[in-house]
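Notes for the one structure printed next.
The values are calculated or read from the model by the stated rules, or taken from the named source; none is laboratory data. Quick caveat: nothing in here was measured; it's all calculated off a predicted structure. Here the Cβ positions follow ideal geometry from the backbone for every residue, glycine too, while neighbour counts run over all protein chains shown. Areas reflect the complete protein model, heavy atoms only, side chains present, ligands, DNA and RNA absent. Shrake-Rupley method; radii C 1.70, N 1.55, O 1.52, S 1.80 Å.
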Amino acid sequence: VEGLWGLATGGLKGQGLSRGECTFIPAYKTDMILESIGTQLGFWGILLVMLLYCMLLRRSVVVGYKSYHPFSFYLCTGISIVTGIQILIIALGSLGIIPLTGVAVPFLSYGKVSMILNLFAFGLILSVSHYGCNSNLDHSMVNKYNGPTALITGVFTLLILFVCGTFFKYQVLDRKDTLMRHLFVKTSSQEPEIRYNPRIQLLTKKMRMGDIYDRSGVLLATSDKRKLKNHKAYTICKLK
């Protein structure tokens, strides 16, 4: 729920880098990194990240395909599939569609081991790309996987579109309802407690409520403490 509140706060264009109070989102540097991006950069930022991932995965498969070597093809395609599964699991989990797990978002989540392994994996793909294709090999050894490759690509494309559509729903279509949505939390007394988006409380503290006067023009209440201190009624109440 904290993640969805953050997404709705970002909206279409986002609150800006280092803004939006991402610290309210649990694990905002790791498991919920996509929500942090959505809060700061909005839906356009999320869409850009997804497009970059799609380009990376597609390029990985193309590199393996153009090597015309079965092992290189298996290696590049396998790395691409594993990376895509990680992205989809954390995206669907952070949106509440599937249970959230501790899978790191490649190249985004804070994590030393995950970053090292991802860099190592795509370093292998760069190595395959560096050596290029081997024209002496039989191209039919890789061409026979055209069907399964197209099927996997289509499935991943549909899932990515579904994820982007869900982000669009919370950040644009249902933004107002999501921002004001409340949450029931069980307390130690087993009585449910209603909680709201904590950003709303921050806004109310910064809002100036205005001044209240009686019929005689005497200032009764104000959000400006200095104005109240300068009023005679404040001095009289303080003495009493």
Subset of the stretch 1-39 (residues that are of a type outside the set (Val, Ile, Thr), at pLDDT 85 or above and in a helix (DSSP H, G or I)): Glu2, Gly3, Leu4, Trp5, Gly6, Leu7, Ala8, Gly10, Leu34, Glu35, Ser36, Gly38
Members of the stretch 8-46 found to be open to solvent by 50 Å² or more (accessible area, probe 1.4 Å) and within 16 Å of Leu202 (Cα to Cα), listed by number: Gln15, Arg19, Glu21, Thr23, Phe24
Single match in Leu179, Leu100, Leu183, Leu126 (criterion: hydrophobic (A, V, I, L, M, F, W, C) and farther than 22 Å from Pro26 by Cβ): Leu126
Residues satisfying the stated conditions in the stretch 57-74, i.e. assigned to a helix (DSSP H, G or I) and open to solvent by less than 50 Å² (accessible area, probe 1.4 Å): Leu57, Ser60, Val61, Val62, Val63, Gly64, Pro70, Ser72, Phe73
Within the stretch 122-145, considering residues that are in a helix (DSSP H, G or I) and more than 13 Å from Tyr74 (Cα to Cα), the one modelled with the lowest pLDDT: Ser140
